[in-house]
Ligand code: NAI
C-alpha cells in the first residue's frame with residue numbers, strides 16, 4: 001500500500017524531527033504532527049522558524065522547507081487520525097511515579113489513550129506504528145484495544161523504534177546506522193504493512209540498512225541498545241574513579257581500550273554521568289520486565305548501570321564540597337551547562353540538576369549559565385525534585401546570560417555540559433574575577449588541565 005497521509009501523535013523530541021525529515025524526503029506524503037500541548041504546537045507553527053520548540057542543529061532549515069508544503073502541526077488529533085493511512089505514536093513513556101512498578105516500569109497511560117482515540121476515530125484501515133520506546137509485548141496490548149472496538153476497521157501494528165540521539169538528531173535521521181521495523185511478518189497483511197514503511201524510508205536510506213524483524217525483537221532491540229550504550233558509560237565511569245585513585249588517566253585508558261576493534265571507541269567518554277530522558281527510564285523498564293519474569297540476576301545486572309551513574313553524579317558533587325574545605329555553605333558556585341548534553345535544550349535527567357541539588361543541600365549559592373536552556377526550565381527541574389520550597393530554589397539559584405557572570409566572585413566553577421563554547425571562553429578573565437583559590441571542576445573532560453593550571457586554577461577533572 002502506498003502511504004499518502006501520515007499522522008504522528010506527539011510533537012516532541014522524537015515526533016518533531018522524525019516527521020520533519022520524512023516530510024522533507026517524501027514530498028508526495030502529507031505529514032501531520034499532532035499534540036495536545038497547544039503551546040508546543042504553536043511554537044512549531046511560529047512564523048519565525050528559529051522559535052520551534054526543539055533545538056537541534058539543522059532542524060529549523062528542514063522545517064522551513066517542508067512546513068505548510070507537506071508538513072503540518074496541529075492540535076486537531078481526531079482529524080489527523082481520520083485522514084491518515086499510517087499513524088505513528090510518538091508520545092512520552094516516562095517511568096511510573098505511582099502504584100505497581102512505581103519508579104521502574106514504563107507508564108503506558110499516554111500510549112493507551114492514543115490507542116483508544118485511534119480506535120474511536122478510525123473509519124478506515126490503518127497502520128499503527130510504535131515510535132515511542134515501549135516494553136516488549138506492548139504491541140499485543142495495542143492490538144487488544146484497537147481490535148475490540150467493533151467498527152470493522154483493520155489495524156496492522158508495527159514497531160519502529162527510534163535510535164536518534166538528541167544533539168545530532170537530524171544527521172542521525174538522514175544517515176542512520178540502521179532503521180528497524182518489526183511487524184507480523186507471518187501474515188500477508190503484516191508483510192504488506194512492513195513493506196509500506198520500508199518504502200517510505202527507502203526514499204533516502206539504502207535498503208540494506210533497513211532491517212525487518214518480528215515485533216517482539218524490534219521492541220526489545222530498542223531497550224537493549226539503550227542498555228548497552230548506558231552500560232558503556234557506566235563502565236568507563238567506574239574506571240574513572242579507579243583512575244583518580246591510581247594516577248591513571250581515564251582518557252588514555254579509554255583510548256587504549258577503544259582502539260581494540262572488538263570494543264570500539266564510541267561511548268567511552270567519562271563524565272559526571274549520563275542524563276537524558278531515555279537511558280535511565282529504559283533500563284529501569286528492562287529491570288522491571290526482567291523482575292516480573294522472575295529473572296532476578298538479569299535485573300540486578302542491568303540495575304547496576306543506574307546505580308553506578310547515580311554514584312558518579314554524587315561523588316562529583318561530594319568532591320566539590322570536600323575540595324572547598326569541606327563546606328560550600330554560603331559560597332557561590334558557577335554551573336556551566338544545564339542541558340544533559342551539548343547541542344540540545346533538553347534537560348531531562350541532566351547531571352547538572354542532581355549536582356546542583358546536592359550542592360543546594362550543602363547550602364551553596366548557585367549561578368547557572370547554559371546557552372540554550374531558559375531560566376524557567378532550570379527552576380522547573382529543581383522544583384520537580386521536591387527537595388526544598390520553590391521560593392528557596394529561586395532565592396538560592398540565579399540563572400544568568402553569560403558564563404562570565406556565572407564565574408564572577410565565585411569560589412568554584414563546575415563544567416557540567418560539554419558545550420563547545422566553554423572551551424573557547426576567556427578563562428583568564430573568569431579566573432581574574434573569581435575568589436582565590438579559584439577552583440575549576442571539569443565534569444566533562446572538556447578543558448586542558450595544563451592551560452588551566454597555568455592560569456592559576458585549582459583544577460579537578462573526572463578520571464584524571
Ligand atoms: P516528548 O515528551 O518530547 O514528546 C511527547 C509528546 O507527546 C509531548 O509533547 C506530549 O504532549 C505528547 N502527547 C502525550 N500524550 C498525547 C496524546 N494522547 N495525544 C497527543 N499528544 C500527546 O517525548 P520524546 O522525547 O519525543 O519521546 C517520545 C518517545 O520516544 C518516548 O517513548 C521516548 O522513550 C522515545 N525516544 C526518545 C528519544 C529522545 O532522544 N528523546 C530517542 C528515541 C526514542
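Below is a table of values for the structure above.
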{"quantity": "Residue in the range 40-55 that is farther than 21 Å from residue 132 by Cα, touching a residue at least 12 places away in the same chain (Cβ under 8 Å), more than 9 Å from the ligand (Cβ to nearest atom) and surrounded by fewer than 19 Cβ atoms within 10 Å (Cβ to Cβ) present", "calculated": "yes"}
{"quantity": "Whichever residue in the range 94-109 is outside any loop (DSSP other than H, G, I, E, B) and within 18 Å of the chain's Cα centre (by Cα) and, among such residues, is nearest to the ligand (Cβ to nearest atom)", "calculated": "106"}
{"quantity": "Residues satisfying the stated conditions in the range 13-25, i.e. buried (at least 20 other Cβ atoms within 10 Å of the Cβ) and either in a loop (DSSP other than H, G, I, E, B) or away from the ligand (no atom under 13 Å from the Cβ) (or both)", "calculated": "13, 14, 21, 22, 23, 24"}
{"quantity": "Whichever residue in the range 56-76 is within 25 Å of the chain's Cα centre (by Cα) and under 22 Å from residue 121 (Cβ atoms) and, among such residues, is nearest to the ligand (Cβ to nearest atom)", "calculated": "75"}
{"quantity": "From 196, 218, residue being modelled with pLDDT of 95 or more, closer than 26 Å to residue 299 by Cβ and surrounded by 15 or more Cβ atoms within 10 Å (Cβ to Cβ)", "calculated": "218"}
{"quantity": "Members of the range 199-215 found to be surrounded by fewer than 18 Cβ atoms within 10 Å (Cβ to Cβ), closer than 24 Å to residue 154 by Cα and either without any contact (Cβ under 8 Å) to a residue 60 or more places away in the chain or in contact with a helix residue (DSSP H, G or I) (Cβ under 9 Å, 6 or more places away or on another chain) (or both), listed by number", "calculated": "213, 214"}
{"quantity": "Check on residue 112, part of a helix (DSSP H, G or I) and within 16 Å of the ligand (Cβ to nearest atom)", "calculated": "yes"}
{"quantity": "Single condition residue 273 does not satisfy, out of (1) on the phi > 0 side of the Ramachandran plot; (2) out of contact with any helix residue (DSSP H, G or I) (no Cβ under 9 Å at 6 or more places or on another chain)", "calculated": "(2)"}
{"quantity": "Wholly enclosed helices (runs of 4 or more DSSP H) of the range 138-207 bearing at least 2 residues within 15 Å of the ligand (Cβ to nearest atom)", "calculated": "138-147, 169-174"}
{"quantity": "Filtered residues of the range 80-93 (kept if within 13 Å of the ligand (Cβ to nearest atom) and farther than 20 Å from residue 303 by Cβ)", "calculated": "80, 81, 87, 88, 89, 90, 91, 92"}
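The values are calculated or read from the model by the stated rules, or taken from the named source; none is laboratory data. The structure presented is a predicted model; accordingly, all values stated were derived computationally and were not measured. Ideal geometry is used to build each Cβ from the backbone, glycine not excepted, and the neighbour counts take in all protein chains shown.
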